[in-house]
Amino acid sequence: RAEKTEVLSEDLLQVEKRLELVKQVSHSTHKKLTACLQGQQGVDADKRSKKLPLTTLAQCLMEGSAVLGDDSLLGKMLRLCGEAEDKLAQELIHFELQVERDVIEPLFVLAEVEIPNIQKQRKHLAKLVLDMDSSRTRWQQSVKSSGLASNLQPSGAKADALREEMEEAANRVEICRDQLSADMYNFVAKEVDYANYFQTLIEVQAEYHRKSLALLQNVLPQIKAQQEAWMEKPSFGKPLEEHLAVSGREIAFPVEACVTMLLECGMQEEGLFRVAPSASKLKKLKAALDCCVVDVQEYSADPHAIAGALKSYLRELPEPLMTFELYEEWIQASNIPEQEKRLQALWSACEKLPKANYNNIRYLIKFLAKLTEYQDINKMTPSNVAIVLGPNLLWPQADGNMTEMMTTVSLQIVGIIEPLIQHADWFFPGEIEFNVTGNYGSPMHVNHNANYSSMPSPDMDHSDRRQHDQARRPLSVATDNMMLEFYKKDGLRKIQSMGVRVMDTSWVARRGTTGVRKASSTPPAAQPPAPPADLPTTPHSPIPEQSPDVSATPSPLLTSFGFPPGTER
């Protein structure tokens, strides 16, 4: 058998090996790129759009928006997102068409047309070389059989025919080899063009993502504006400043709602803030407060649930109402042994609170001070209130065991909250209106301990209480004058004799606001220092006042917060 003659140079043989590798890579890349297309390949834009997942999603969002309506926040969000997804779908269609035209189709031509054509020519050349070698072998055998010398040319018709066949085969091989070599050299020269396919892919992707990003950046402000304009946002677990800014309030909604309802139905409830409420009731009330919807009639029979919701709101704030920043100052103030300096230090810390925190802590402390006026009935003395509410108003900023830390500092926190409640009018002088918005009704309330519907005085005598029961009526925080009538009687003298400063009740006439600090709240150096027990009062002093009887007799020995040691706080 004739030996095969190699007609390609070493360089072209290397190109031949590279052809197969390039073909494999191009074929694999084409297959994977085609799989990345979300639309149907080879169809126009309209048909491709109908089966595109993004288009289906956009249609679903728009249909949902039509169902919910633009009067709901969710409906508005669905409409804006549906429009954005539809625009993204159009950009995706344009991107896929461009990738298909500039990358996928050229790769297909390279892997399935150009390289196979070169390989086909290579096979044809191999066949021609084989024919040439066969014809040469036949001619050589003819020469040997004629017995002529190797240096002489064979003669005769047969020899001539063999020679012509051999020359013609060699000529065909040469032509095919030249064509194959040209194609191979062209392939090598066009490698830059082939590499450009992948550069085009990245450029088209970058342009697609730039346009998509521009669309999203354009719609995001609209979505955020709708979110910010929507007033019904949850308040539990949200920063105080954020809730106040969104709702346009000065007092947090859960605080005002709970305080206002407790003023009507919970002031004489024994163990308020201490007795745990029903878990289901508490969960329901918190959810209602988060929606800014409260059924006063429903919860008026369960003041413990209202108190529990207020405690939960304070505890779930990301930062305590008395702030992390002032935590050390509060603790240091509580550690001062002298009462006068301790109260001055607490006053100074109060003045450093941010405006939003100051307004809300003032509002809350004023309410707690009013609550303790009924301590003989509800058993909630300033100390008891400080024990159950203090850890919800101030806690340290640390990553350790919160239970262990709160056990350590609980006494110090009680030493902060208790004097704030006892001397509420000194720390926060001026009148206050609890029902700031006036949005809370006045249903008939039932007290499980005292069976009352409004708030009789803790020191009202039997005849007055019976007269009050006969004239029982729904209580309104804004208009009820019962407390004012009581203070005109002997209740004022009795409470003052216990060392407790009776709060100003002129808030009933709705003259105070929570947003403005009173002019009397001047630095401690300009005020007579607390405690108030052994000092005469002046018209401009915000220090808790004494009853006339006390100023005429020697002052009894005071405890650390200004109460006689024998008197229950």
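The values are calculated or read from the model by the stated rules, or taken from the named source; none is laboratory data. Computed from a predicted model, the values in this text were never measured in an experiment. Ideal geometry is used to build each Cβ from the backbone, glycine not excepted, and the neighbour counts take in all protein chains shown. Protein only, heavy atoms only, side chains kept; ligands, DNA and RNA dropped before computing areas. Shrake-Rupley method; radii C 1.70, N 1.55, O 1.52, S 1.80 Å.
Of the residues 242, 329, 325, only one is open to solvent by 20 Å² or more (accessible area, probe 1.4 Å), more than 22 Å from residue 388 (Cβ to Cβ) and at pLDDT below 90; which?
Values: 329 fails: at pLDDT below 90; 325 fails: at pLDDT below 90.
Going through 242, 329, 325 in turn, the sole match is 242.
Each row is one residue, and each column tells you yes or no for (1) over 19 Å from residue 259 (Cα atoms); (2) not assigned by the TED database to the domain that holds residue 270.
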| residue | (1), (2) |
| --- | --- |
| 353 | yes, no |
| 357 | no, no |
| 391 | no, no |
| 422 | no, no |
| 436 | no, yes |
query = Using beta carbons and a limit of 8 Å, which pairs, at least six apart or on different chains, have the first residue in region 362-373 and closer than 21 Å to residue 349 by Cβ and the second one among the acidic types (Asp, Glu) and open to solvent by 10 Å² or more (accessible area, probe 1.4 Å)?
reply = 369/425
message = For region 155-186, which positions are farther than 14 Å from residue 5 by Cβ and open to solvent by 80 Å² or more (accessible area, probe 1.4 Å)?
response = 155, 157, 158, 164, 167, 168, 171, 175, 178, 179, 185, 186
task = Quick one: residue 32 ticks every box in (1) open to solvent by less than 50 Å² (accessible area, probe 1.4 Å); (2) among the basic types (Lys, Arg); (3) under 30 Å from residue 186 (Cβ atoms) except a single one, so which number is it?
result = (1)
message = Here are the criteria: (1) outside the structural domain of residue 73 (by the TED database); (2) touching a residue at least 40 places away in the same chain (Cβ under 8 Å). Tell me which single one residue 246 does not satisfy.
response = (2)
note = The condition from (1) without any contact (Cβ under 8 Å) to a residue 12 or more places away in the chain; (2) open to solvent by 50 Å² or more (accessible area, probe 1.4 Å); (3) not polar (S, T, N, Q) that residue 270 misses is numbered (1)
key: Residues of region 187-231 that turn out to be under 30 Å from residue 7 (Cα atoms) and under 24 Å from the mean Cα position of the chain (by Cα), as a count   = 0
message = Condition first: loosely packed, with under 15 Cβ neighbours inside 10 Å and not in a helix (DSSP H, G or I). Now tell me which residues in region 41-90 satisfy that.
response = 41, 42, 43, 44, 51, 69, 70, 71, 72
ask   = With respect to the numbered conditions (1) of a type outside the set (A, V, I, L, M, F, W, C); (2) under 18 Å from residue 417 (Cβ atoms); (3) in a helix (DSSP H, G or I), which one is the sole condition not fulfilled by residue 271?
value = (3)
message = Every residue in region 13-29 that is among the basic types (Lys, Arg) and open to solvent by less than 70 Å² (accessible area, probe 1.4 Å), please.
response = 23
Residues within region 273-300 that are of a type outside the set (Phe, Trp, Tyr) and either surrounded by 19 or more Cβ atoms within 10 Å (Cβ to Cβ) or not assigned by the TED database to the domain that holds residue 314 (or both), tallied = 7
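Do the conditions hold for residue 120, that is, is it out of contact with any Pro (no Cβ under 6 Å at 6 or more places or on another chain), in the same structural domain as residue 208 (by the TED database), open to solvent by 60 Å² or more (accessible area, probe 1.4 Å) and under 30 Å from residue 21 (Cβ atoms)? Before you say what the answer is, go through the steps one by one.
On the way: out of contact with any Pro (no Cβ under 6 Å at 6 or more places or on another chain): yes; in the same structural domain as residue 208 (by the TED database): yes; open to solvent by 60 Å² or more (accessible area, probe 1.4 Å): yes; under 30 Å from residue 21 (Cβ atoms): yes.
Yes.
The rows are residues; the columns are (1) touching a strand residue (DSSP E or B) at 6+ places or on another chain (Cβ under 8 Å); (2) farther than 30 Å from residue 77 by Cα; (3) hydrophobic (A, V, I, L, M, F, W, C).
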residue	(1), (2), (3)
110	no, yes, yes
114	no, yes, no
123	no, yes, no
133	no, yes, no
139	no, yes, yes
163	no, yes, no
172	no, yes, no
191	no, yes, no
217	no, no, no
query = Restricting to region 206-239, what's the tally of residues that are in contact with a Leu (Cβ under 6 Å, 6 or more places away or on another chain), within 27 Å of residue 360 (Cβ to Cβ) and assigned to a helix (DSSP H, G or I)?
reply = 0
